[in-house]
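The values are calculated or read from the model by the stated rules, or taken from the named source; none is laboratory data. From a predicted model like this one, the values you see are computed outputs, not experimental measurements. Cβ placement follows ideal geometry from the backbone for every residue including glycine, while neighbour counts extend to all protein chains displayed. Heads up: the accessible areas ignore ligands, DNA and RNA and are worked out on the full protein's heavy atoms, side chains in. Shrake-Rupley method; radii C 1.70, N 1.55, O 1.52, S 1.80 Å.
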Amino acid sequence: NAGAAERPEAGAGAGAAQRRRRRGVHPIETLPTPAGTGKLVRRIPPPVLLGTPMTRTALALLLAATPALAVLEDDDAPPPPTPTTTLCEDGEVWDDVTSRCVEPESGVLDDDRLFAAARELAYAGRYDDALRVAGAMRDPEGPCALTVMGFAHRKSGRVEQGLALYAAALAQDPDFLLARAYRGIFHVEQGDADAAAAELAEIEARGGAGGWPHAALTRAIAGADPY
């Protein structure tokens, strides 16, 4: 039908780029040279180095001096409300192509869309719906699904189950920085500053400085809302 014909396919290259962004690696920007030669130059945002122990005050001052950390073009940033949370009910997900709510198990939506929807639902406090959507992903035992399931379980009070899912996600992919950020934020909430700092150092060591997971955990350590 016409709707199906217009639906973009999720290519392998696009999926890989999505996964890199989820890990907190800031995208590389390509720009024309000033001389107008048509050649491209690669500009990589400078990293924010926070590997040494810092007090809450020092971190807060750093954040105030670098407001760009608060606004990042990153797929890991908290998802804004969409019709998934404003119109759809019972774990259904909004499909932009057909402009209607669909069952997450319908096979209509790819894993990137289901992952985003599960996070949106979890951030809206609809934890059971988030778990349903994450479980409907084609790879329900991959790092993406395990991480959002861990977040939903932890925020709904099933802390041990949430932490176990973060650990499972990181066992598969130690560079999945969103799971590290969520786990570090939990350590902050529990008052375990050393464990939170260790997660932050891991994020930095794995190339995540400048991405949302790094900024969110930094904000949490500084006493600000990470989300």
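Within the range 82-98, the set of residues being closer than 14 Å to Phe115 by Cα and either part of a loop (DSSP other than H, G, I, E, B) or acidic (Asp, Glu) (or both) comprises Thr82, Gly91, Glu92, Asp95. Consider Met149 carefully, then state whether it is without any contact (Cβ under 8 Å) to a residue 40 or more places away in the chain, assigned to a loop (DSSP other than H, G, I, E, B) and either open to solvent by 20 Å² or more (accessible area, probe 1.4 Å) or touching a helix residue (DSSP H, G or I) at 6+ places or on another chain (Cβ under 6 Å) (or both). Here the answer is no, as Met149 does not meet what is asked.
Scanning the range 126-143 for residues that are open to solvent by 20 Å² or more (accessible area, probe 1.4 Å) and part of a helix (DSSP H, G or I), we see that the one that is nearest to Thr84 (Cα to Cα) is Asp129.
Among the numbered conditions (1) in contact with a helix residue (DSSP H, G or I) (Cβ under 8 Å, 6 or more places away or on another chain); (2) within 24 Å of Ala117 (Cα to Cα), the only one that Arg206 does not meet is (2). Selection of the range 193-215 for residues being open to solvent by less than 40 Å² (accessible area, probe 1.4 Å) and closer than 20 Å to Asp225 by Cβ yields Ala195, Ala196, Glu199, Leu200, Ile203, Gly208, Gly210, Gly211, Trp212, Pro213, His214, Ala215. In the set (1) charged (D, E, K, R); (2) open to solvent by less than 10 Å² (accessible area, probe 1.4 Å); (3) over 23 Å from Ala222 (Cβ atoms); (4) touching a residue at least 40 places away in the same chain (Cβ under 8 Å), Asp76 fails one condition alone, (3).
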